[in-house]
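Step one of this worksheet: look at the structure below.
Rule-based calculations on the coordinates, nothing more; no lab input. Please read all numbers here as calculations on a predicted model, not as lab measurements. When we count neighbours, we look across all protein chains shown, and the Cβ atoms used for this are built from the backbone with ideal geometry, even at glycine.
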Amino acid sequence: MNAIFALPEASTQAVRVDGILAALVIVSALTLALVFGLLVSFAIRYRRGSKAKRGRLPEIVNREFEVGWTAATFFLFAFLFWWAASADVGALTAPANALEVHVLAKQWMWKTQHANGAREIDELHVPVGRPVRLVMTSQDVIHSFFVPAFRIKQDVLPGRNTETWFQATKLGVFPLLCAEYCGTNHSAMRGRITVMREEDYARWLSAQPEGDDLAHVGAKLFVSQGCSGCHASSSAVHAPKLEGLYGRTVQLSDGRQVRADDAYIRDSMLQPKRDIVAGFDPIMPSFAGLLDDGDIQSLTAFIRSLGQEHGHD
Amino acid sequence: MSDATALLREPWQRLERQRQAGKFGIWIFLASETLFFGALLLTYAVCRIEHPDAFAAAGRETNIWFGTINTAILLTSSLTMAVASQAAAQKGRVRQLVLACLGATAALGVAFMIVKGFEYKEDIEKHLVPGTGFALSQPSAQLFYGLYWLVTGVHAIHLTIGIALVVRLVLLGAARRIRLRGSPELEVTALYWHLVDVVWIFLYPLIYLPGRAS
Amino acid sequence: MTDAALAGELPFPPRPDYLRAGSTLLSWLATTDHKRIAILYALTITVFFFMGGAAITAVRVELFVPNGWFLTSDTYNRLFSFHGIIMVWFFLVPSIPNTFGNFLLPLMIGAPDVAFPRLNLFSWYLTLVGGIFAVYTLVAGGVDTGWTFYTPFSTMFSNTHVLTAAAAVFVVGFASIATGVNFIATTHMLRAPGMTWFRLPMFVWSIYATSIVMVLSTPVLAISLMLVIAERWLGLPIFDPARGGDPILFQHLFWFYSHPAVYIMVLPAMGVVSEIIPCFARRRLFGYDFMVYAIIAIAGIGFFVWGHHMFVSGQSPYASLIFSFLSFVIAVPSAIKVFNWTASLYRGQISFNSPMIYALGFVGLFTTGGLSGLFLASIPVDVHVTDTYFVVAHFHYIMVGGSVSAFFGALHFWWPKITGKMYPESWAQFAAITMYFGFNMTFLPQFVAGYLGMPRRYHTYPAEFQVYNVMSSAGAAVLAAAYLLPLVYLMWSLFHGARASNNPWGATGLEWTTTSPPPPHNFDLQPLVDRAPYQYHAEGESAGSDAPEVQNARSLR
Amino acid sequence: MSADRGRQEGWLLRLWLRNALVWAALLGLLVLSMFLAYIPMGPVTVTSGVAIAVIKSSLVLVFFMELIRSRALIRIAALAGLVFVGVMFALTLADVLTRSGKI
């Protein structure tokens, strides 16, 4: 648990955020000191009836004063923006070797699932020093995945995937909180992130009950939902093959190119007519309403696994 | 002179100034209305960008004849309203003309509502009301009809207010309770009426034209 | 001829002031006098202020301990939602514009009334209708969406009275629009002869800018709430994720209003402070024209920054960068204003009457709140502190430390003009100082708690945050006492206060040249303006004299 | 007296003529936009409908609502609404159109 007066910096991002934050605190403190200092000293020096000199105002031109401090504040703020924005841009995409963890939020619990299918509730075990990419969606309302010690927060939306990532740098147990108001037990929607040594993590993972891993669940859905009727390599229907698809750049019929990532695959299932692959007819029906978010995550994992089998990554 | 004083209200000392203020005031309100309908159109735009096919499929289900005829009716009502308002601003003997044009405007507004009523009836019969039993298979097509009912409904409320304002002017004018020539109220009502028309001009291509080409 | 006759006082027959120009209930409920409507508004928002305050008192008492002790989570959620809805839409938004703006705008520009007096009264009734919806919501069992009504929680999951709450805000929104239209038209059309744009007092400028924001942003709030109502009540899907609806779209619409709404709340406060500081420092306002440009810039750029509420919402990172940059930009004009207020004290003759204490408190708290805004404009920092108590502290510094302080400053500054009575000064000074300390006790710890990771809207919280919550709750008790004090001594002054003269502070605005309280049509003689505001001393001099040049050329002193 | 009457009638004719011309243009554009909607041109079809709506509403604003003869103040008021609608669209679409892609 956290100490009362300090927050651990337990991820790479935490160090970056605290750096900017410290700079902002210094800028703010100096500005406050200046404003309060001037307010108080003027208030004392020029209190009614004091002996301080008044008389004609010195010839400092108003306009230059105004332009001066306008420009000064503008450049200061522009610098702060540039700094914060470049830190933000630098941390947008997770490194390629990141572990992928799926998060499903619902009123009022966090369900997490590791790539091998191991599931946890209100808990997440991760290895230290290894980037972890979270692919998150919600079953009901908007939640927000907030780990103060990692300085990450990302809203978890129904009907859509959102992503964030972190790389833990400290061993220990850190609170996971829901930061977006989500109803009655919002404040009870808390969990724990346990950061372990890599070898401990491997041991922990293998000790988990044999959950069907996501890709296997996906493979079953692939058949039971009828996807295989067109997309299986043996099928007679002219439909895009899925082997090696994940992560590839796809040429669309209207000339656009898109990367076949989670979002694209999700859209292709729910709104198949939106992005038609070049050379194919728009014949696929929408699966919206037939697949829930968990199914989509499983199918996506299955399609991913197809890519890996062909050595494509 | 007594005419002018009859139109003058607190806190104004001159009718001309009062008229300017009224006109300015209604234009500010219209700017506000622009944002009101702008936000609705933005909602439509975002949903359509996210679901272009469903919107095309849904748009095809609307009845383009009702939509086009109604657009023509409203455009014509704007013509009669413009003539009424411009004639009233002139010095000549224009009372009969202004009354006639206002009457025509109100009648056209009512005609629009009647056509709209038939259209709504048809829509309900075609199960185009979102919810269970909705006619189209794509779930996002329901977004289109959610917006369709809402936007046309809000427009209809605005139009009803407009009709009420015009009818009020006709009744008061016919009974010589107010003087229509130079009346700030007429000018303000006319501007409001035209805005309701402009809103419909934008709704027409967004509701009735999607998906016709394929 | 006596001096009094020369001064134009005697030739007028005795006439009642606006308070005594009719005493029946109808003469109040059907009045079109902007001053009486201001009083109606004042009574209304006072009731709402204490209702919202009562709700949050219960919340703060509950938060003394980490796991709650006398409220259920549902009740807790309803209380903070009610607090937010009431305080934002039924107190802060109408507070300064509809009471002081209504009372002072015509007086300050030398007009007999606002441009559309009946619309003005109508707007009060709309507020009342909205208020009835809000109170009904509370009585019927409350609403638990927070003041933000986020979908799909509000449309599909909440089991509380979302409809009436949304309707309340929807209706009161139209009151805002009506008021805005009225004030803009008044400022353009009813200025006294000689009252050019750059002779307008800053308060008029601020009300004018606020009105523009009200007129252009409130309709979008109305739409966002109408969509919620349509989805919940009529079943028209707009945001339903299962049917492809986009919950983030609601946030765009909501914040397109609700960020500018912050400026609706704080711009009038800036106007008030710009009146009070020159008066009690006996100095011209430093950089008047820059202050005008700054206020217009804030009102305008305020429409471009709403996305900084949505950095973690799933909004596109490109859009976040744009919004982040614009959010830094808007801090520039705010900084200019702070520097100018401070510079206005230089070489003044400063006295510390209660309005001045509130105004100086405003400058300090607004600066603190504004600087904490820089943290929220920086995306990586915002990701960490958004939706925590840091944000709660930030906006309370702006809206309570800023706007409410200024509201009390205005209340004391113009009390003599409004009621014709003086209040007990030392009590007022005591209340002002208590308010300042109580406020900081309440909200300063929340910055720290937020940084450490205490999310907002938490009924129960991790035990390590208790120390901050206890500090906050203790501060809130002090703050509550400081808010109740003025209620007592101002009421007392109505009956026992000394008679106020026309211009007890020796201020320069037109409102001080008429009687206290003013007659029903404000001025016995149409004022004539021949000079800029704030002429507390000769051009180029610094020391304030006790005999400032009032703006009304007809008013002989 | 009759000259006066004649003048008035001439003026009335011009008033009708002027407005009827605008009205005819509006109806023409209405028919055009309906016609264009049936021609498959991809995004151009959608754009044509909105573009024609912009032209039509400009005609109403300028001629029927007499912005052409109004004072600058009125034109600014009319413009203000449009400008801020533009801001709302631009910044919201800046999110919606770039959302799926990550930097």
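Please identify the GluC sites (Glu not before Pro) of segment A:27-83 that satisfy two criteria: DSSP loop assignment and at most 15 other Cβ atoms within 10 Å. Which are they?
Qualifying residues, ordered by number: A:Glu59.
What distance in nm separates the simple spin-label points at A:Ser228 and C:Ala463, each placed 7 Å from Cα in the Cβ direction?
5.4
Which one of A:Arg248, A:Arg56, A:Arg160 has the biggest mean-square fluctuation once chain A is modelled by GNM with Cα springs under 10 Å?
Taking springs between Cα atoms under 10 Å, the residue moving most is A:Arg56.
Between A:Asn62 and C:Trp197, what FRET efficiency follows from the Cβ-Cβ distance if R0 is 25 Å, with the result rounded to 0.05?
That pair, A:Asn62 with C:Trp197, gives E of 0.85.
Just checking the output field for B:134-144: average partner chain Cβ neighbours within 10 Å of each residue's Cβ?
Per-residue shielding by partner chains comes out at 5.
For C:Gly497, what is the net charge nearby, where nearby means another residue's Cβ is under 11 Å from its Cβ and Lys, Arg count +1, Asp, Glu -1?
+1
In chain D, how does Rg compare with the Kirkwood Rh, expressed as the Rg/Rh ratio over alpha carbon atoms?
Rounded to two decimals, Rg over Rh is 1.18.
At 222 nm, what value in deg cm²/dmol follows for chain C if DSSP H runs of at least 4 each add -39500 (n - 2.57) and the sum is divided by all its residues, to the nearest 500?
-20500 deg cm²/dmol
Could you work out which residue, out of A:Asp267, A:Asp281, A:Asp140, moves most in a Gaussian network model of chain A, that is, has the largest mean-square fluctuation with Cα springs under 10 Å?
Per the Cα network of chain A with a 10 Å cutoff, A:Asp281 tops the list.
Would you work out if segment A:242-306 is rounded, prolate or oblate? Take a ≥ b ≥ c from the square roots of the eigenvalues of the alpha-carbon gyration tensor; rounded if a/c is under 1.5, else prolate when a/b is larger than b/c, oblate otherwise.
Since a/c reaches 1.5 but b/c is at least a/b, the shape of segment A:242-306 is classed as oblate.
Assign one of three labels to chain A, namely rounded, prolate or oblate, based on the Cα gyration tensor with a ≥ b ≥ c the square roots of its eigenvalues; rounded applies when a/c is under 1.5, prolate when it is not and a/b is larger than b/c, and oblate otherwise.
In terms of gyration-tensor shape, prolate.
Around B:Ile64, with a cut-off of 11 angstrom between Cβ atoms, what is the net charge of the other residues, counting Lys and Arg +1 and Asp and Glu -1?
0
Using the beta-carbon distance between B:Met113 and B:Gln13 and R0 = 45 Å, what value does 1/(1 + (r/R0)^6) give for FRET efficiency, to the nearest 0.05?
Once rounded, the FRET efficiency stands at 0.65.
With r defined as the distance between the Cβ atoms of A:Glu123 and A:Ala29 and R0 fixed at 41 Å, what FRET efficiency is calculated, to the nearest 0.05?
0.55
Shielding by partners for C:386-397, please: the mean number of other protein chain Cβ atoms within 10 Å of each residue's Cβ.
2
Expressed in nm to one decimal, what extension gain is obtained for the pair C:Ala474 and C:Trp233 from 0.36 nm per residue of sequence separation less their Cα-Cα distance?
Between C:Ala474 and C:Trp233, full extension yields an extra 82.6 nm.
Note the per residue figure in Å³ for the convex hull of the C-alpha positions in chain C.
144
Rounded to the nearest 500 deg cm²/dmol, what is the calculated helix-only ellipticity per residue at 222 nm for chain B, with -39500 (n - 2.57) per DSSP H run of length n ≥ 4?
-27500 deg cm²/dmol
Can you give the helix-only mean residue ellipticity at 222 nm for chain A, where every DSSP H stretch with n ≥ 4 adds -39500 (n - 2.57) and the sum goes over all residues, rounded to the nearest 500 deg cm²/dmol?
Using -39500 (n - 2.57) per qualifying helix, the result is -12000 deg cm²/dmol.
Could you check which residue among B:Leu186, B:Leu40, B:Leu169 shows the biggest mean-square fluctuation in a GNM of chain B with a 10 Å Cα cutoff?
B:Leu40
For A:Ser138, what residues show an amide H to amide H distance below 5 Å, using hydrogens built from the backbone and excluding near sequence neighbours?
A:Ala105, A:Leu157, A:Gly159, A:Arg160
Within chain A, what is the longest stretch that has no chymotrypsin sites (Phe, Trp or Tyr not before Pro) placed in a DSSP loop and near at most 14 other beta-carbon atoms within 10 Å?
Counting at most 14 other Cβ atoms within 10 Å as exposed, the longest clean stretch of chain A is A:6-279.
Please average, across the residues of C:458-469, the number of beta carbons from any other chain that are within 10 Å of each residue's own beta carbon, and give a whole number.
For peptide C:458-469, the averaged partner shielding equals 4.
Mind running the shape call on the protein assembly as shown? Use the C-alpha gyration tensor, a ≥ b ≥ c as the square roots of the eigenvalues: rounded below 1.5 for a/c, prolate if a/b tops b/c, oblate otherwise.
oblate
What's the longest uninterrupted piece of chain B once you rule out the trypsin sites (Lys or Arg not before Pro) that are loop residues per DSSP with at most 11 other Cβ within 10 Å?
B:94-175
Exposed loop chymotrypsin sites (Phe, Trp or Tyr not before Pro) only (DSSP loop, at most 12 other Cβ atoms within 10 Å): please give the longest stretch of chain C free of them, not including the sites.
Value returned for the longest uninterrupted segment is C:71-557.
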